[in-house]
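Just below is one structure, and these are the notes that go with it.
What follows draws every value from the coordinates through simple rules; no lab data is involved. No experiment lies behind these values; they were computed from the predicted model shown. Backbone-built Cβ (ideal geometry, glycine too); neighbour counts: all protein chains shown.
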Amino acid sequence: MQTKLLQEHAQMLLDTAQVECVIGYSLSPRGLTRPMFIYRGEDVEQLVWNQHSSHNLAKYLREKIVDLGDTGKVAVVLKPCDTKSLNVLVAEHKIDRLRVHVIGMACSGVVKDNNQERLQDRCVECEMKQPLVYDYLIAAEHTPEVSPGEFDQDSWQTEFEDYSSEQKAEFWLAHFDRCLRCYACRQVCPVCDCPTCLFERDDSLWVGPGSSIQEKRMFHLGRAYHLAGRCTGCNECERVCPVNIPISKINQKLAQVIEGEFGFRAGIEAVPSPLLTVVSGKEYGG
């Protein structure tokens, strides 16, 4: 039923020229759920919604709005957790909220790519069932029961905090050493969007595109600092990592520190992080 309602609403938006593009999900020839861009009403039957709709589609908003020129409007399908990324992009003046029609999908969680009977770790303790912002809401329907799994974020953090500084360094360096520098984590992140990435600049004084352990460490820790106060915990970075580095754990730790110090959680409202002083040319105090 959710898929049918989604298709009907998308067709109405396109047929009445309220938007020029709908960003949603479709099935690949192999049956995998993937992002899809729909430009014609007759193509909306390709849109789907299911428990594999994992991609954070807020990632594509900025580039698509630029493609559509000065006045084009886009519709996007967003899960409750994805709407936090939208709030960050709006707060940082990366996109104009008036040019985005949000089709909010009520969600009971998405499953692991390789296990249809287990929810993703981010969904286990998630209490967000309704989108934070939307222009059109599609309510949840009954879905087969899925086991929440055994992941306990608080337990993992508590155990890690008991490590010595040497043990923590050894833990992360061992993971960073497996990094391929493929940049999948960066490419999938909706808020990691510098026009020229620091880690690919030829004139960078800090790090290059090399594969030494020091450069890998600088890449991951530098990226984490860039996301501090901005990461909304969609965990797409960790999901797409080809060598299963627990990347999101760094971001989650920084999010906990910032919430403790400032009482701020990224994406709950469309307000900038307390760590930001200039956003797209607009100054903030602090």
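Taking the beta-carbon count within 10 Å as an exposure proxy, list C185, C197, C123 from fewest neighbours to most.
Result, fewest neighbours first: C197, C185, C123.
Counting other beta carbons within 10 Å of each residue's own, what order do S273, S108, S85, S165 fall into, fewest first?
So the ranking, lowest neighbour count to highest, is S165, S108, S273, S85.
For V257 paired with M1, estimate the spin-label separation in nm (one decimal), with each label point 7 Å from Cα along the Cα-to-Cβ line.
Distance between label points: 4.6 nm.
Taking every DSSP beta bridge that has both residues in the range 1-86, what percent is antiparallel when rounded to the nearest 5?
70 percent
Modelled label-to-label distance, T16 and I213, 7 Å Cα→beta-carbon offset: nm?
Spacing of the two 7 Å Cα→Cβ label points: 6.1 nm.
Run the lone-cysteine check on the chain: no other Cys C-beta under 4.7 Å from the residue's C-beta.
So, C21, C81, C107, C123, C126, C179, C182, C194, C197, C231, C234, C241.
Using r as the Cβ-Cβ distance of E170 and S28, and R0 as 30 Å, what FRET efficiency do you calculate, to the nearest 0.05?
0.15
Going by how many other beta carbons lie within 10 Å of each one, how would you line up V133, V77, V90, fewest first?
By the 10 Å Cβ count, ascending: V133, V90, V77.
Among DSSP bridges having both ends in the chain, what percentage is antiparallel? Round to the nearest 5.
50 percent
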